[in-house]
Amino acid sequence: MDQNFSTMTDEALLLQCQGSEAALEALIRRHFRLVTACARSFFLVGAEESDLIQEGMIGLLGAIRSYRAEQDVSFPSYAKLCIRRHMISAVRAANAEKNLPLNDAIPLDDYEEQINRMDPETAYLGKERMEDLLAALRSQLSAFEQAVLQLYLEGFSGREIALTLHRPAKSADNAIQRIRSKAAKLFPRR
């Protein structure tokens, strides 16, 4: 059944979406600009605009699934509301307290590479500062936690650390979590 979806109303397309991939695709293409317009008004920490657009597309699909014509509201208005709410939820989740360490994190495994790109004086001071921070952290750690931290900084995974230290994987993972917790207490967010 070959139909011209461009001439159909949103409501008619919504009815066709239940049995037609092509109708769903046409409806999504029709409202893609709405998604991109909504994405421009938000900022997602550590993400690009395309990530927000993807969140908006999830909101659009939710609107397509849940829209009821008897609600006495047009589909574009309903879709915009669903898209914006989904984006707001994504922004709130990214900014949640539990994600603050991730939002402010500096990857330790790339630290040497970052130092190599700096001018020598800044690199020396940065390396000295990092050594001071690690020394302060190590003074708070048990011998096992220090061994775990050393291997972790060398790029070992939790499982590899456990195998190297002849300990259960859960023990190594717990040590990594304790190290993170102690580091967060020692270096609070400013």
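Show the residue pairs meeting these rules: Cβ distance below 7 Å; 6+ apart or different chains; first residue within segment 10-21 and touching a residue at least 60 places away in the same chain (Cβ under 8 Å); second residue among the aromatic types (Phe, Trp, Tyr).
From segment 10-21, the pairs are Asp10/Phe75; Glu11/Phe75; Leu14/Tyr67; Leu14/Phe75.
Restricting attention to segment 42-64, does a residue exist that is at pLDDT below 85, small (Gly, Ala, Ser) and part of a loop (DSSP other than H, G, I, E, B)?
Within segment 42-64, one or more residues are at pLDDT below 85, small (Gly, Ala, Ser) and part of a loop (DSSP other than H, G, I, E, B).
Within segment 125-168, how many residues are within 16 Å of Arg180 (Cα to Cα), assigned to a loop (DSSP other than H, G, I, E, B) and either in contact with a Gly (Cβ under 9 Å, 6 or more places away or on another chain) or among the basic types (Lys, Arg) (or both)?
Summing the residues that are within 16 Å of Arg180 (Cα to Cα), assigned to a loop (DSSP other than H, G, I, E, B) and either in contact with a Gly (Cβ under 9 Å, 6 or more places away or on another chain) or among the basic types (Lys, Arg) (or both) in segment 125-168 gives 0.
Inspect all residues belonging to segment 35-47 and state whether any of them is basic (Lys, Arg) and touching a Phe, Trp or Tyr at 6+ places or on another chain (Cβ under 9 Å). Spell out the reasoning first.
Pass one, segment 35-47, residues basic (Lys, Arg): 40.
Those still in the list that are touching a Phe, Trp or Tyr at 6+ places or on another chain (Cβ under 9 Å) too: none.
For segment 35-47, residues basic (Lys, Arg) and touching a Phe, Trp or Tyr at 6+ places or on another chain (Cβ under 9 Å): absent.
With the structure loaded, tell me whether Arg92 is at pLDDT 80 or above and exposed (fewer than 12 other Cβ atoms within 10 Å of the Cβ) or whether it fails that test.
So Arg92 fits the description; yes.
Mind checking which pairs have a first residue in segment 43-68 that is assigned by TED's automatic domain parsing to the domain that holds Glu21 and a second that is outside any helix (DSSP H, G or I), Cβ under 6 Å, 6 or more apart or different chains?
Asp51/Leu44; Leu52/Phe42; Leu52/Leu44; Leu60/His31
Being among the aliphatic types (A, V, I, L, M) and either loosely packed, with under 15 Cβ neighbours inside 10 Å or under 25 Å from the mean Cα position of the chain (by Cα) (or both) is the filter here, so list the residues in segment 23-50 that pass it.
Of everything in segment 23-50, those that are among the aliphatic types (A, V, I, L, M) and either loosely packed, with under 15 Cβ neighbours inside 10 Å or under 25 Å from the mean Cα position of the chain (by Cα) (or both) turn out to be Ile28, Leu34, Val35, Ala37, Ala39, Leu44, Val45, Ala47.
The values are calculated or read from the model by the stated rules, or taken from the named source; none is laboratory data. Please read all numbers here as calculations on a predicted model, not as lab measurements. Note that each Cβ is placed from the backbone with ideal geometry, even for glycine, and that neighbours are counted across all protein chains shown.
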